[in-house]
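Below is one structure; the comments refer to it alone.
The values are calculated or read from the model by the stated rules, or taken from the named source; none is laboratory data. Computed from a predicted model, the values in this text were never measured in an experiment. When we count neighbours, we look across all protein chains shown, and the Cβ atoms used for this are built from the backbone with ideal geometry, even at glycine.
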Amino acid sequence: VLKDALHRLAIQMATQYLNHRRDTDPVANPLGNLSRQRQLAEELKKISKCDEAESILRQNMSESDKHPELAGTLEMADSVFLLAELLREREALDESFSLHISVLSDRERILGEAHEDVARSLKVVGDIYVSQKKFGDALDVFVRALKIQEHVLAPMDPELAETLIKLAGVHQKQAELAIAENLLMRALSLLKDVYGEDSEPTAAVLNEIAVVTEKQGRYTEAAEQHTAVLLLWEQLYGPNDARIATTLINMASLLKQQGRMDEALPFVQRALEINQSIYGQIHPCTASSIAWMADILQAQGNFEAALGYLQRDFDIVEKSLGHDHPDTAASLNGLGVMMYRLGPFDPSLYPEALTVLNKSIAIRTELYGEEHEDVAECLNNKAQLLIATGEAEQAEEMHLNALDIRRKLLGDRHPVVAESLDHIAEMRMAQERTSEALQLFTDALLIREESLGKWHPDVANSLDQLAFLYVQMGHHSSAVPLRMRALYIYEEAFGMQNPKVMGMLESIAQFHEELGELEPALALYEMLVPELEASPTGSETSLVPLLHHMACLCQQSSDEEYGLELLIRAAEHAEDVESEDLAKIQEAISAALSRMGINTEDEVQAHLAAMRERMSAASDSEVSTHEKKTASPLTHKTASQHYESVSAIVEHQYLAASATCEQGVVLANQDEEQVHDGGDEGQSHYDPDKEQIYDGMDNEQPDGDAVTKGVHVKNETTESVTGIDSSDMDAAKTEDVPV
């Protein structure tokens, strides 16, 4: 209140002074008047009287008509700079950009090219380039600004940190994550020295570092960083601050990428409660949290509930920001995507989804023109919808158009380009143009390896897709090393107990089983056993059937002794959870003993007692898990013979996978006719429902890099662990944390 009162007093005094000068000195110094008018406009802007401020600043610009000597002066440049910033805040970006370029030119001419005010102008121009998604241009001006500041500012000046953060943001957009991380770490070190470890600027840049860490697939490290940020915000601002809501959303995003939806939901619910208490029901930040609720619900498969939240999100955004706002277009895009996903259950939603997506395309095209990343995103989504409704020819044209836009804006080696290649490859698969699909999937894999690193979960998604194509082609041996490497990446990123990891492990085991390769199948199934034993519900829902199934495989491979041990283990777990399968397993034990020639009661009891004693001794021994597996009769045919542990074979499998990728196109071209026949045969042995195939829809995934620069922001960079690239529907609307 005191600050506001002081601003109003300053305005009153400045106005009185200007009126006095005008009345008493009609030929007063024009430069002095220009400067004082600018100061008055600054005070008006501070108390949100932006219309009055704009009027004064525009009047200043017109003064050069009466006083030509004002044109090209530093005072005029400062006044125009303030007007350009006011227009930028009002999202009049074209006029703002034009004025800022003019100011930059004047400052360079008057002050020289290596002046701190020139650097400030460059940074603002860079910000506008970023908003226009002209990342190459933004990078150039930010680099130039940083060089000037490094030359003219003190080494610990906070403005240096601000420029480093801006530069890191551009590198994030270009998927140059290691460079971005290095820049942010440099900014963090500077801000810690200036403000201390427990300060707002330090927390804000640590938040950005957590986002970049997450994007690189280092989820455990990112979780620790997000937690540290949350604790800092709570320490500085209490439990109900908007910054805390943003961090909660980022933590939910991280959990979602790991498939931990039940854990993510409470974070989003708390963020929604905070934003509602701060902003009320009808506000973009509240809408952001609502869209996040939809995102988690759709990831859980609750599409109808998610659709309701997205409709609510759209209503709030349109009401608060207007029909033609970028975020309104983003909300429409998310709504259309969700209708598409519900289409298989209710085909009547397809026409409505098309209408909604067309509205989003129209708004974005009007705002940005046809060649814009957000327009490409909408084209991709509309193409996927057209595929679902049988209009493949038109869909292909849209996918190719989206690919061209993305390549032009982001370059050939960006992860978003890889996603477009995947979509086109899927169309080539449907058209039975197998060699083209193989080339496209391989290119997408190589792009992800280059931009994200060889051990990123999105690389695993690519490997899994490529493996699925090889199965369709009948080249089963080529698929195995790809899937094993994908499994290792998932295990490293998510941990062995993650549902995605365990599902893939089971899928690969089934793959070997269907090919009649029982020993490697058993070795892989064995890797599931300790994880299911450790799971609270694993014994009840999965472990007993798994052990029983493994015993059946042992019978097929004439390994009755090992099969009997598995059945005994299954019976023990069945008794613990009161499973209805117990009677069936006991019958299987009796049958196994009979096949082994153990028929009398005394023989049966003695044999079972001896086996239980060996199993108990192995279980109680103080040895490592690996040694226990090797020593235990339960796992005497362990992965030590085939896949002892995924990590033990990863180097070999990586080399095999690389060779597979290099030779795959040649393979496909040599026997494409044979491939189609082989693919049919292979498909009969394989369950494609177990594959992680993209649905192809672009929904903005919260990558967190927008949490420092606006109120209701959609993130541009995309990708989740399911391979769905993301922009809007995945609720990338996060509140900003000022740096």
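Annotations
- Test: residue in the stretch 519-532 that is among the hydroxyl-bearing types (Ser, Thr, Tyr), closer than 25 Å to residue 595 by Cα and out of contact with any Cys (no Cβ under 9 Å at 6 or more places or on another chain): yes
- Criterion violated by residue 253 - all others in (1) surrounded by fewer than 24 Cβ atoms within 10 Å (Cβ to Cβ); (2) part of a helix (DSSP H, G or I) satisfied: (1)
- Number of positions in the stretch 99-122 that are modelled with pLDDT of 95 or more and of a type in the set (Val, Ile, Thr): 1
- Residue within the stretch 185-206 that is within 28 Å of residue 455 (Cα to Cα) and under 16 Å from the mean Cα position of the chain (by Cα) present: no
- Only one of the numbered conditions (1) modelled with pLDDT of 85 or more; (2) closer than 30 Å to residue 596 by Cβ; (3) not small (Gly, Ala, Ser) is not met by residue 580, and that is (1).
- Contact map, the stretch 548-571: first residue touching a residue at least 24 places away in the same chain (Cβ under 8 Å), second residue assigned to a helix (DSSP H, G or I) and of a type in the set (Phe, Trp, Tyr), Cβ cut-off under 6 Å, separation 6 or more or different chains; pairs are 550/525; 554/562.
- Qualifying positions in the stretch 258-267 - in contact with a helix residue (DSSP H, G or I) (Cβ under 7 Å, 6 or more places away or on another chain) and either outside any helix (DSSP H, G or I) or crowded, with 19+ Cβ neighbours inside 10 Å (or both): 258, 259, 261, 264, 265, 267
For every residue, the table says whether it meets (1) in contact with a helix residue (DSSP H, G or I) (Cβ under 6 Å, 6 or more places away or on another chain); (2) closer than 20 Å to residue 506 by Cα; (3) among the acidic types (Asp, Glu).
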site	(1), (2), (3)
404	no, no, yes
449	yes, no, yes
456	no, no, no
464	yes, yes, yes
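- Residue 156 vs. criteria surrounded by fewer than 17 Cβ atoms within 10 Å (Cβ to Cβ) and either of a type in the set (Gly, Ala, Ser) or within 27 Å of residue 447 (Cα to Cα) (or both): no
- Residue within the stretch 448-466 that is outside any loop (DSSP other than H, G, I, E, B) and more than 22 Å from residue 494 (Cα to Cα) present: no
- Flag if residue 82 is touching a Cys at 6+ places or on another chain (Cβ under 9 Å), surrounded by 19 or more Cβ atoms within 10 Å (Cβ to Cβ) and modelled with pLDDT of 85 or more: no
- Note on the stretch 322-359: residues that are over 18 Å from residue 374 (Cα atoms) and touching a helix residue (DSSP H, G or I) at 6+ places or on another chain (Cβ under 6 Å) total 7.
- So residue 318, is it acidic (Asp, Glu) and under 25 Å from residue 421 (Cα atoms): no
- Search result, residues across the stretch 101-115 that are touching a helix residue (DSSP H, G or I) at 6+ places or on another chain (Cβ under 6 Å) and buried (at least 16 other Cβ atoms within 10 Å of the Cβ): 103, 104, 106, 107, 108
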